[in-house]
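Here's the structure we're looking at; comments come further down.
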Amino acid sequence: MKRMRLYKKGMVLMAIAIGFVLSCAPSPPSMLPYDEAASQWDATVDQHIHDAMRAAKLKQLGRRLDVLQTAFSSDIDALKKDSTALNADYASTGDDMRQLVGRFERKRNLALAHYRDIIFAMRREVSAKEWKAMID
């Protein structure tokens with residue numbers, strides 16, 4: 001009896017966690033199309049960075065960041081689809097849900113590590129004043 005209550009609480013907490021992750025996901029309609037976002041980034045870099053080599057490096061890092069964002073959005077969409085399918089399957093277990101969330105967390109952690117590395121690489125290319133001007 002006590003084990004069943006703990007199991008139910010665990011499932012409720014897991015559902016809340018997935019709901020939170022899905023609610024925090026960016027909505028695709030508000031995102032800029034790739035070409036427009038890349039153009040805006042290129043214009044910002046050109047406006048503030050006058051050294052051609054540093055500007056080219058920053059533009060390339062910006063494109064890598066956009067590709068990473070697209071992949072992460074795709075992972076979130078896959079999580080939504082998979083969790084909906086799992087929810088519809090009455091034979092699924094809590095372990096199935098934990099495995100689904102675990103796979104997503106591993107992908108998310110890897111994506112966030114890449115994101116951090118790209119941002120730090122960008123910061124190494126510019127001064128504090130240039131960075132502030134670019135992100136404002």
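Readers should treat all values here as calculations from the given coordinates under stated rules, not as data from a laboratory. Please read these numbers as outputs of a predicted model, since none were measured by experiment.
Just a few scattered comments:
- Extension gain for ALA133 to LEU86 (0.36 nm times residue separation, less C-alpha to C-alpha distance): 12.3 nm.
- Listed by chain and number, the aspartates and glutamates whose C-alpha is less than 16 Å from the C-alpha of LYS81, apart from same-chain residues fewer than 8 away, are ASP89, ASP96, GLU105.
- Entries in LYS59/LYS132; LYS59/LYS80; LYS57/LYS107; LYS59/LYS129; LYS57/LYS129 that, when Cα-Cα distance is taken, lie over 24 Å: LYS59/LYS80; LYS57/LYS107
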